[in-house]
Amino acid sequence: IDPRIPRNRLDQALAQQNAARAKLANARSQLERGEKLLKNAWINPADYDKLVLDAATAESEVVAAKVAVENARIALEDTDVRAPVAGTILNKRVERGQVISSPTTDVGGGTLLMTMADLDEVRVRTRVDETDIGKLVPGMEARISVASFPGKRFAGTIEKIEPQATVEQNVTLFPVLISLPNAEHLLRPGMNVEARFEVTRRDDVLTVPITALRTERDVATTAGIIGVEEGALRQQLTAAGLEEEPRDRRSARESASSLRGSFWVVAQRQDALQPVAVETGVTDLDRVEVIGGLVEGDVVLVLPSSSLLETQER
């Protein structure tokens, strides 16, 4: 910033400081002379009190001049604008010769010169649906992909889940902040990204299509499809050990990514269709982990749900 005016103000403040110091020295000398005159009764107390006041006033002027010099020196130093850290200029708002305002003198704030950032580490701000937010926790790994580098994945970590939700088109979303290193400076501010979170992983487990699961509501529909009485099917389910409300011993995050409830399937065993109660685990909403009730090689039926048949009837 042009330093000429701040430098002139500093010179003026230094001159005023020198004058204030000379005035203080003169006031103190007059005060010492007045003390001697007062002892010899050559001046009255009122004149002496005025000398004391003049000395105190001179001292205050010296202090004020010192503060003015310091402020002028700070203003002169501020004409050399330095970045607090090393980084990259993202946006420069001013050009040489442009008149700007100072934040120390303008009530409305100073002029923004430029915006810069340290791109060695960046942050992704993504929004997650409230139905999935319970599956995420700070510290969880995330995979970031951008359209500029197809096929390349950037590894990051969830830094924070914002407590305040935002509503977009009647959908409640929670902002999630993901921090990730950017040593190559490939990721740039403003890029659109896609975030992928691996909530839970199960390897080498038994699964069935989620559409094969049946609930209490599907008893009547299933009985009609497989050709048995509804009462007989309910007796078979009771004998199979179907619980009305199984206890969930999983953690909160595992429970959020799992199917909880009383489920059963129609399995083909010994050339007959039998209802089998199953215990379910995690799901990706396409297939679901089967913890108990079935073994590898069992054949299960994928049947229409009762809601589908009711919709068709309507």
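The values are calculated or read from the model by the stated rules, or taken from the named source; none is laboratory data. Just so it is clear, the structure is predicted and the values come from calculations on it, not from any experiment. Positions of Cβ are generated from backbone atoms using ideal geometry, with glycine treated the same way; all protein chains shown enter the neighbour counts. These accessible areas exclude ligands, DNA and RNA; they are computed on the full protein's heavy atoms, side chains included. Shrake-Rupley method; radii C 1.70, N 1.55, O 1.52, S 1.80 Å.
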Please go through the range 267-292 and give me each residue that is within 20 Å of Arg202 (Cα to Cα), in contact with a strand residue (DSSP E or B) (Cβ under 6 Å, 6 or more places away or on another chain) and open to solvent by less than 40 Å² (accessible area, probe 1.4 Å), ordered by number. Val278, Thr280, Gly281, Val282, Val288, Glu289, Val290, Gly292
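Here's the yes/no breakdown for (1) within 27 Å of Ala195 (Cα to Cα); (2) open to solvent by 80 Å² or more (accessible area, probe 1.4 Å); (3) assigned to a strand (DSSP E or B); (4) not β-branched (Val, Ile, Thr):
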| position | (1), (2), (3), (4) |
| --- | --- |
| Thr79 | no, no, no, no |
| Val124 | yes, no, yes, no |
| Arg127 | yes, yes, yes, yes |
| Ala142 | yes, no, yes, yes |
I'd like to check something: does the range 300-309 contain any residue that is in a loop (DSSP other than H, G, I, E, B), touching a helix residue (DSSP H, G or I) at 6+ places or on another chain (Cβ under 7 Å), closer than 26 Å to Thr131 by Cβ and β-branched (Val, Ile, Thr)? yes
Of (1) out of contact with any helix residue (DSSP H, G or I) (no Cβ under 6 Å at 6 or more places or on another chain); (2) under 20 Å from Val199 (Cα atoms), Thr166 satisfies every one except (2)
For the list (1) free of Cβ contacts under 8 Å to residues at least 60 places away in the same chain; (2) more than 22 Å from the chain's Cα centre (by Cα), I need the number of the one condition that Asn192 fails. (2)
So if I check each of Val62, Val94, Val52, which one is closer than 30 Å to Gly190 by Cα and among the hydrophobic types (A, V, I, L, M, F, W, C)? Val94
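To keep it simple, each residue is scored yes or no on (1) open to solvent by less than 60 Å² (accessible area, probe 1.4 Å); (2) assigned to a strand (DSSP E or B); (3) at pLDDT 90 or above; (4) out of contact with any Gly (no Cβ under 9 Å at 6 or more places or on another chain).
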position	(1), (2), (3), (4)
Ile158	yes, yes, yes, no
Val167	no, yes, yes, yes
Phe174	yes, yes, yes, yes
Glu184	no, no, yes, yes
Arg201	no, no, no, yes
Val219	yes, no, no, yes
Ala223	yes, no, no, no
Given Leu10, Leu76, which one is touching a Pro at 6+ places or on another chain (Cβ under 7 Å), within 30 Å of Val94 (Cβ to Cβ) and touching a residue at least 12 places away in the same chain (Cβ under 8 Å)? Leu76
State which residue is farthest from the chain's Cα centre (by Cα) when the search covers only the range 237-266 and only residues that are at pLDDT 85 or above and closer than 18 Å to Val205 by Cβ. Val265
